[in-house]
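Working notes for the structure below.
The values are calculated or read from the model by the stated rules, or taken from the named source; none is laboratory data. Not measured: the values here are computed from a predicted model. For neighbour counting, all protein chains shown are included, and Cβ atoms are generated from backbone atoms with ideal geometry for every residue, glycine included. When the accessible area is computed, the model is the full protein with side chains, heavy atoms only, and any ligands, DNA or RNA have been set aside. Shrake-Rupley method; radii C 1.70, N 1.55, O 1.52, S 1.80 Å.
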Amino acid sequence: MERFDESAIDWVAAAKRGISRRMLKEYGFLELLLEGGTTPVIPLTLTLADVTIKLDATLRLTEDCDKNVRFEVLGYGWEE
């Protein structure tokens, strides 16, 4: 049973930061995230403003007080 509705995810905003639906689907983690789970550690390349950060991290979905679904990135190390 899905805890999060996939259509509530802002995929355009996520892609601007380096997280794509296609990537999550290819890794086999999209359903896990939608069910409220946390991914195992995966390599990510995130773009924040003009800075690109490479890190190993886990991802999970959270909901803010306005019911917006967002990615939470739990990093374990990074390089700029």
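Average 1/r across all pairs of distinct alpha carbons in the range 6-75, invert it, and you get the Kirkwood radius: 12.4 Å. Surface composition of the range 6-75: carbon and sulfur make up 50 percent of the accessible area, probe 1.4 Å.
For the range 48-57, the Karplus equation 6.51 cos²θ - 1.76 cosθ + 1.60, evaluated at θ = phi - 60°, returns couplings of 10, 6, 9, 10, 9, 10, 9, 8, 9, 7 Hz by residue, with Gly and Pro reported as x.
Charge dipole (Cα centre; +1 on Lys/Arg Cβ, -1 on Asp/Glu Cβ; no other charges) of the chain amounts to roughly 160 debye. Couplings 3J(HN,Hα) for the range 12-21, derived from phi with the Karplus relation 6.51 cos²θ - 1.76 cosθ + 1.60 (θ = phi - 60°), are 5, 5, 5, 5, 5, 9, x, 10, 10, 4 Hz, where x marks Gly and Pro. Computed over protein heavy atoms with a 1.4 Å probe, the accessible surface of the chain works out to 68 Å² per residue.
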